[in-house]
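**Q** Have a look at this one.
Nothing in this text is a laboratory measurement; each read-out follows from the coordinates by a stated rule. The model shown is predicted, which means the values in this text are computed figures rather than measured ones. Methodologically, a virtual Cβ is constructed for each residue, glycine included, from the backbone with ideal geometry; neighbour enumeration extends over all protein chains shown.
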Amino acid sequence: MKVLRWFDERLGVAAMARKGLRKVFPDHWSFLLGEIALFCFVILVATGTFLTLFYRPDSVPVTYQGPYAPLQGQEVSAAYESVMRISFEVRAGLVMRQIHHWAALVFVAAVVVHAMRIFFTGAFRKPRELNWIIGVVLLILALGMGFTGYSLPDDLLSGTGLRIAYSVLISVPFVGPYLAFLAFGGEFPTEGIISRLFVLHVMLLPGIIIAMIGAHLAILARQKHAQFPGGKASESNVVGKPFWPGQAFKSVGLLLLTGAVLSFMGGLIQINPVWDYGPFDATVVSAPAQPDWYIGWLEGALRLFPPFDVTFFGILIPSPFIPGVVVPGIAFGLMTLWPFIEARLTGDHDHHHLLNRPRDVPFRTGIGTAAFLFFLILTIAGGNDVMAIMFNVQVEAVTNVLRIAIFLVPALGGLLAHRISIQLQTAAPLRLGESTRVRRNAQGGFE
Amino acid sequence: MKPERLVALAFGVSVLSSLALVIVYVAGGDAQLEGLLLGLALGGLGAGVVVWATRLLHEDVAIEERGQLSSEAERSEAAEALDEPDLTRRSMLVRMLIGASGTLAAALAIPALSLGPRPGQSLFRTRWIAGKRLVDLDGNPVRPEQVQAGAVQTVFPEGEVGAADAQTVLLKVDPAALQLPAGREEWAPEGVLGYSKICTHAGCPVGLYRAESHELLCPCHQSTFDVLRGGEPTFGPADRPLPQLPIEVDDQGFLVATGDFSEPVGPGFWNLQSDEGEDQAS
């Protein structure tokens, strides 16, 4: 009470606090997905800060003299050496590093699943288009964070990822070589790239992400939550539990539990053992080699794309350009503009605060399913060499099957999802404001 | 169990785990134990809080009215406030203000060019020149009879070990089986072939060799190249052959290059096929 008065007399916060504490949160598990993403980010900042204090963003060669015997005496970069030191010599370093890496994987996963929830329930419709776009930007930033962080240890695997990124950049017509040389500071491999990635990873990208999360939440607070229909919920109200104390307790609990799961993973499940990969060497590559899961679809697109170096009037369009630049560009472009595309297609420009069940809008559910399957097949294609080993077949056979599947599976899956949605609608029409009980009678019918 | 007890138990587990975590740290640390105990410490606290919220807090459903997000009247007042005649009447000055700001922004962006050199010739040329010996990773020159059939070896120009764009994979095949493109008849003394080790797709080192089918395979995206036919791609996303290094045996019996690779090495770029490289080299 005394504290409240102290602040209220200086800032006039009592009215705001009262409103904030009573803010109503709809009670549905799928609303926690975005929170999990936010809490992963909190854990990433905490563990990342610890790692920053020991990491050296420098590719100057040094001789490894640490406790890991197989590498002793070998020339490695200072960056790699510092990651080895974090892993073997800094107390609690390894667990921090592994929690950080797992948190990154779960972070992107939570963002993706959250975005899918928003998509399939139509939560992006007017007035929430802006927050959808900010969400897509956050997804792209999360991918950027993941890729730059993945590259910092300067091990063999991450060096291969950078090399492919360089090759995609240089493939852009007219400006590619200039872009690649500006980004990398010269022809790959360059000395300066590690320190550039470091600045992006620990300062620029997190700064932008924090600003974007702030905007995301501010808009959410301003527009209030969307909600599922049913009960007393209507377009003009929000039905749920007040922020204080129940929702606040649950959110803090979720933060702690997210941290708990990531700690278990970071302690018990090994990830990115850079000592196994060895330091970066421009003449060596390991096989099979996979990036972190969220880059898998890009890698898969590069693997599936046919050999297709086209020349127009002496201008070469190298084959990585289409799967590496055009496909992701179209994908993110369509995703960003989807709220407007859908509004145009349906002619629906009204405000919507009540969510759809996926079955209620079959065409959207069909398109979303097709898009999801498209990315899924690409991600599988990113591991075509692993699958070839697993099923003991030639990698060429896996690739050829997937080259067909990338068109067939999304098309069929999308149509199937559309059909199932319609079936579900007729089987159980949505009834607002009453609970429905369906019973099977003795004749086998429903009543 | 009563909810109060459950919450107390969870908090108790958390306290004990936190204490154990400190002990493990002081005793020298262990990643597995640290992760486990940190997980229990966070999880105990989290579980307790969640049980408290779900079992001990009895909250009724609350309903909040959304209210009006925007109104016509506010909008027109805001538009009126924005419409400052001293600005709108001087449209010429406003346009100049925008123009000057744009020019300033462009000027401020120019230092970004310091980030990297102009590509110039570097993408067209490597360190290979006529007369350069082929040396292994230890810098020793290589004789054709030292090259093992069925295996691959990485070589560099003499004095340039580690020069990434000059890395060359050396292998030996049966000279009778060779079907090299016209003009390269002399490029494979005693069946020894040199190819750029940088994949023409995305630049990975083409490190795997399938001896029985005479194919080099890139492990990144599975592009495959036929070494008997001048490095022609046979599978995967690569569409251009691996550049071949012209080699011969010098009078002391060592392998030497007789020039640079047959084409620019590495991933494609828009003006790769232009004669820019040759023009400025001559």
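**Q** If the limit is 21 Å between Cα atoms, which of A:224/A:250; A:23/B:2; A:2/A:224; A:241/B:2; A:232/B:2 go over it?
**A** Flagged as over cut-off: A:23/B:2; A:2/A:224; A:241/B:2; A:232/B:2.
**Q** Here's something else I'd like to know. Counting only C-alpha contacts under 8 Å and six or more residues apart, can you give the relative contact order of the stretch B:134-268 as a whole percent?
**A** 23 percent
**Q** On C-alpha positions alone, give me the angle between the axis of helix A:327-346 and the longest principal axis of chain A, in degrees, nearest 10.
**A** Here the helix axis deviates by roughly 10 degrees.
**Q** Which is the longest run of chain B containing none of the trypsin sites (Lys or Arg not before Pro) found in DSSP loop states (not H, G, I, E, B) with at most 16 other C-beta atoms within 10 Å?
**A** B:1-65
**Q** Here is a further query. Which whole number gives the average, over all residues in A:287-297, of C-beta atoms from other chains lying within 10 Å of the residue C-beta?
**A** Details: counts 8, 3, 3, 0, 0, 0, 0, 0, 0, 0, 0.
So the per-residue partner count for this stretch is 1.
**Q** A further question follows. Per the Cauchy relation, a quarter of the hull surface: what is the mean projected area of the convex hull of the alpha carbons in the stretch A:1-64, in nm²?
**A** Reported value for the Cα convex hull: 9.4 nm².
**Q** Mind putting a number on the dipole of the stretch A:342-417 about its Cα centre? Charges go on the C-beta only, +1 for Lys and Arg and -1 for Asp and Glu, and I need it in Debye to the nearest 20.
**A** For this selection, approximately 100 debye.
**Q** Put a dot 7 Å past each Cα toward the Cβ at residue A:8 and residue B:65; how far apart are the dots in nm?
**A** About 2.4 nm separates the two model spin labels.
**Q** Contour minus end-to-end for residue B:15 and residue B:154, with contour as 0.36 nm per residue of separation and end-to-end as the Cα-Cα distance?
**A** 44.3 nm
**Q** Then there's this: Near residue B:172, which lysines are there with a Cα under 21 Å away, not counting those fewer than 8 places off in the same chain?
**A** B:132, B:197
**Q** Also: Beyond 36 Å, what share of the Cα-Cα pairs of chain B remains, rounded to the nearest whole percent?
**A** 56 percent
**Q** Moving on to the next point. How about the stretch A:1-110: which GluC sites (Glu not before Pro) there lie in a loop by DSSP and see at most 10 other Cβ atoms within 10 Å?
**A** Hits after loop and neighbour filter: nothing returned.
**Q** Using the basic label-point model (7 angstrom from Cα toward the beta carbon), what is the residue A:401 to residue B:58 distance in nanometres?
**A** Here the answer is 5.9 nm between the modelled labels.
**Q** Tell me which residues come under 5 Å, amide H to amide H, from residue B:247 once H is placed; ignore anything under 5 positions away on its chain.
**A** So residue B:247 has HN proximity to B:258.
**Q** Scan chain A and hand back the longest stretch that contains none of the trypsin sites (Lys or Arg not before Pro) lying in DSSP loops with at most 10 other Cβ atoms within 10 Å. Walk me through the numbers on the way to the answer.
**A** On the way: sites that count: A:232, A:431, A:437, A:439.
Maximal segment without exposed cleavage sites: A:1-231.
**Q** Okay, next question. Starting at 0 and stepping by 5 Å, how many percent of the alpha carbon pairs of the stretch B:3-56 end up in each bin?
**A** Over the stretch B:3-56, the share of Cα pairs per 5 Å bin runs 5, 24, 26, 17, 12, 9, 5, 2, 0 percent.
**Q** Once you have the Kirkwood Rh of the stretch A:27-283 from its Cα pairs, apply Stokes-Einstein at 20 °C and 1.002 mPa s and quote D in µm²/s.
**A** Answer from the Stokes-Einstein relation: 105 µm²/s.
**Q** Mean-square fluctuation check for chain B, GNM, Cα pairs under 10 Å: which of B:177, B:164, B:62 is largest?
**A** Highest fluctuation among the options: B:62.
**Q** I want the local charge near residue B:224. Using Cβ-Cβ distances under 15 Å, sum +1 for each Lys or Arg and -1 for each Asp or Glu among the other residues.
**A** -2
**Q** Next question. What do you get for chymotrypsin sites (Phe, Trp or Tyr not before Pro) in the stretch A:118-194 restricted to DSSP loop and a cutoff of at most 12 other Cβ within 10 Å of the site's Cβ? Display every interim value, and only then the final one.
**A** Details: sites: A:119, A:120, A:124, A:132, A:147, A:150, A:166, A:174, A:178, A:181, A:184; in loops: A:124, A:174.
Sparse-neighbourhood loop chymotrypsin sites (Phe, Trp or Tyr not before Pro): A:174.
**Q** Here's something else I'd like to know. Rg to Rh for the stretch A:46-131: what is it, with Cα atoms only and Rh by Kirkwood?
**A** 1.26
**Q** Starting at the first residue of the stretch A:288-305, write each ³J(HN,Hα) from the Karplus equation 6.51 cos²θ - 1.76 cosθ + 1.60 with θ = phi - 60°, in whole Hz, x for Gly and Pro.
**A** Each residue of the stretch A:288-305 in turn: x, 10, 10, x, 4, 4, 6, 9, x, 5, 5, 4, x, 4, 5, 6, 7, 4 Hz.
**Q** Sticking with this one: Between residue B:25 and residue A:269, take the C-beta separation as r, use R0 = 22 Å, and let me know the FRET efficiency to the nearest 0.05.
**A** Once the sixth-power term is evaluated, E becomes 0.60.
**Q** R0 = 45 Å: FRET efficiency of residue A:392 with residue B:186, Cβ-based, nearest 0.05?
**A** Given R0 = 45 Å and the Cβ-Cβ separation, E is 0.60.
**Q** Now for a separate question. Using a Förster radius of 56 Å, what is the FRET efficiency between residue A:210 and residue B:212 based on their Cβ-Cβ separation? Nearest 0.05, please.
**A** Working: r = 56 Å, r/R0 = 1.00.
Efficiency, from the Cβ-Cβ distance: 0.50.
**Q** Which residues' amide hydrogens lie under 5 Å from the amide hydrogen of residue B:62, considering only partners 5 or more residues apart or on another chain, with H built in the peptide plane?
**A** Residues meeting the amide H criterion: A:240, A:241.
**Q** Further question on the same structure: Let me have the 222 nm mean residue ellipticity of chain A computed from DSSP H runs of 4+ only, each contributing -39500 (n - 2.57), with the sum over all residues rounded to the nearest 500.
**A** My calculation for chain A gives -19500 deg cm²/dmol from helical runs alone.
**Q** Please list, in chain and number order, the residues 5+ apart from residue A:278 or on another chain whose amide H is under 5 Å from its amide H, with Hs placed from the backbone.
**A** It is A:156, by chain and number.
**Q** Once every Cα of the stretch A:220-294 carries one equal point scatterer and solvent is ignored, give the base-10 log of I(q)/I(0) from the Debye formula at q = 0.17, 0.24 Å⁻¹, two decimals.
**A** Relative scattering, expressed as log10 I(q)/I(0), comes to -0.87, -1.16.
**Q** For the stretch B:201-257, evaluate the Debye formula with one uniform point scatterer on each Cα (no solvent term) and list log10 I(q)/I(0) at q = 0.14, 0.19, 0.25 Å⁻¹, rounded to two decimals.
**A** At q = 0.14, 0.19, 0.25 Å⁻¹ the computed log10 ratios are -0.43, -0.67, -0.93.
**Q** Still on this structure: At what distance in nm do the modelled label points of residue B:5 and residue A:203 sit from each other, each positioned 7 Å from its Cα along Cα→Cβ?
**A** 5.7 nm
**Q** Separate question: So, counting K/R as plus one and D/E as minus one, what does the shell of residues with Cβ under 11 Å around residue B:127 add up to?
**A** Values: positive: B:125, B:132; negative: B:158, B:160, B:165, B:260.
Residues close to residue B:127 contribute a combined charge of -2.
**Q** Something else now. Using a Gaussian network model on chain A with a 10 Å cutoff between Cα atoms, which of A:164, A:330, A:209 fluctuates the most?
**A** A:330
**Q** Something else now. Between A:296, A:253, A:413, find the one with the highest GNM mean-square fluctuation for chain A; connect C-alpha pairs within less than 10 Å.
**A** Ranking A:296, A:253, A:413 by mean-square fluctuation puts A:253 first.
**Q** Shifting gears a bit: What does the C-alpha gyration tensor say about the overall shape of the stretch B:130-282? Classify as rounded when a/c is under 1.5, otherwise prolate if a/b is larger than b/c, or oblate.
**A** On the way: a/c = 1.42, a/b = 1.12, b/c = 1.27.
Rounded.
**Q** Here is a follow-up. Can you give the three extents of the C-alpha atoms in chain A along their principal axes, from longest to shortest, in whole Å?
**A** 74, 65, 50
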